[in-house]
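Below is one structure, written out as structure tokens, with a few remarks after it.
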Amino acid sequence: MAPQKSPNPLVRLAFHVEHHVESWSWRLRRKVGLGRPPRILPYRGYGTPRRSVIKARVLENRHVRPPWKRHTLLGSAVASWKRYMTVEIPHARVKVCWGDRRWEGTTDEEGFLELWVEPPAGVKAGWHDVELELLSPAPKGVARVRSPVLVAGPEAEFGVISDIDDTVIVTNVTNFLKRAWALFLTEHRTRLPFEGVDAFYDALHQGSTGSAGNPIFYVSSSPWNLYEHLDEFLGLHRIPAGPLLLRDWGLSRTGFAPGGGHGHKLEKIRGLLSTLESLPFILIGDSGQEDAEHYRTIVREFPGRIRCVYIRNVWHRPGRERELAFIAAEIRAAGSQMLAVDDTVTAARHAASQGWIRWREVAEVQAHQQEDAEARTLLDKLDRDHG
């Protein structure tokens, strides 16, 4: 595993100064009656019957309007601005209740809660609702939320780790202006996934038996501020739910993000494979970023754990095709396989040929791919007509 770089002392100092000022400002505004009440934003956790993580964030409630009340470009821009201009609540105390078990956790300087616990005895595989209650700062009214936790059980045949940008959702992340538009000025209701992704991921979730319940995880360079946006997108398009592992943007202990490469994905994938230590995985990404390079590293670090790497062809700079061929050869030499695909059906056929999904699901993927292609054509026509 690659060694962690020591943070720059000036960056560390700036980080502490920034969060000290923000925390002091929030407490002062709250004291004089100008501060907004805190809220708990629950994230999807994951783990095993022996050890699971509960994740959430405590933030000042900025009252982002729900999607069905945002009808204009301005409304979308305001909602995006509120998501990004968060005020985190550090050192907040949160009570956690799961069945007959009780714990208490404290948020870090960024307002994040990450609490590793031993689930109640006899917990079964699947999704479980855990109750979170804000103890301090003292909430106004009842501040309880439900946080879903995915427990992977012995029935699972494998896990799936998927990138999001240009793997599930078309975001054109290699184009800065188009990415900014996608992040700030569009709604999940007006964006479409890649054709057939919903049916393919559902087939992977069902596995070879149709009831395997294989867990799916989503790792992305998108900021945690977009968590609700992305979670709503997956639900709207009936893409199997799974924990979203995103990136903290802004000043952190180690530097300013976004910046540099996408090495944070490696850290999160390593954590998943270490937690679900008996489970093999399928990795899915795209050719536009560094997914293939990162997945090659994972194949080498976890020999025998990666069944296949699927890379969606979305964009090729000069020489990229040759690079991908070289990476595929190295992955094969390490005991796994990598397949670069132009569409979802090709990946589904390969998965069926390996016995990971049922052949009848391939026809379902093909039908969804055609339906999604027709929907995209209609949407593009409407954009042209009103452009």
Between a residue in the range 305-333 that is closer than 17 Å to residue 343 by Cβ and in contact (Cβ under 8 Å) with a residue 12 or more places away in the chain and any residue that is open to solvent by less than 60 Å² (accessible area, probe 1.4 Å) and of a type in the set (Asp, Glu), which pairs come within a Cβ distance under 7 Å, given they are 6 or more apart or on different chains? 311/286; 311/291; 312/286; 314/166; 314/286
Restricting to the range 309-338, count the residues that are of a type outside the set (Phe, Trp, Tyr) and open to solvent by 30 Å² or more (accessible area, probe 1.4 Å). 16
Only one residue in 154, 119, 137 is free of Cβ contacts under 8 Å to residues at least 40 places away in the same chain and either over 24 Å from residue 221 (Cα atoms) or crowded, with 17+ Cβ neighbours inside 10 Å (or both), so which one is that? 154
Being at pLDDT 90 or above and either of a type in the set (Phe, Trp, Tyr) or open to solvent by 40 Å² or more (accessible area, probe 1.4 Å) (or both) is the filter; apply it to the range 241-289 and report the residue that is farthest from residue 228 (Cα to Cα). 277
Would you be able to say whether some residue in the range 334-345 is over 28 Å from residue 156 (Cβ atoms) and not in a loop (DSSP other than H, G, I, E, B)? no
Could you give me the residue pairs with C-beta distances under 8 Å whose first residue belongs to the range 340-360 and is over 22 Å from residue 211 (Cβ atoms), whose second residue is assigned to a helix (DSSP H, G or I) and open to solvent by 20 Å² or more (accessible area, probe 1.4 Å) wherever it lies, and which are 6+ apart or on separate chains? 341/350; 343/369; 344/369; 345/366; 345/369
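Which of the following residues is modelled with pLDDT of 95 or more and not in a helix (DSSP H, G or I): 298, 311?
Numbers: 298 fails: not in a helix (DSSP H, G or I).
After ruling out the rest, the residue left standing is 311.
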Go through the residues of the range 341-350 one by one and say whether even a single one is within 17 Å of residue 166 (Cα to Cα), charged (D, E, K, R) and surrounded by 13 or more Cβ atoms within 10 Å (Cβ to Cβ). yes
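The values are calculated or read from the model by the stated rules, or taken from the named source; none is laboratory data. Everything numeric here is computed off the predicted structure, so don't read it as measured data. Here Cβ is always computed from backbone atoms with ideal geometry, including for glycine, and neighbour counts include all displayed protein chains. The area values use the complete protein model at the heavy-atom level, side chains included, leaving out ligands, DNA and RNA. Shrake-Rupley method; radii C 1.70, N 1.55, O 1.52, S 1.80 Å.
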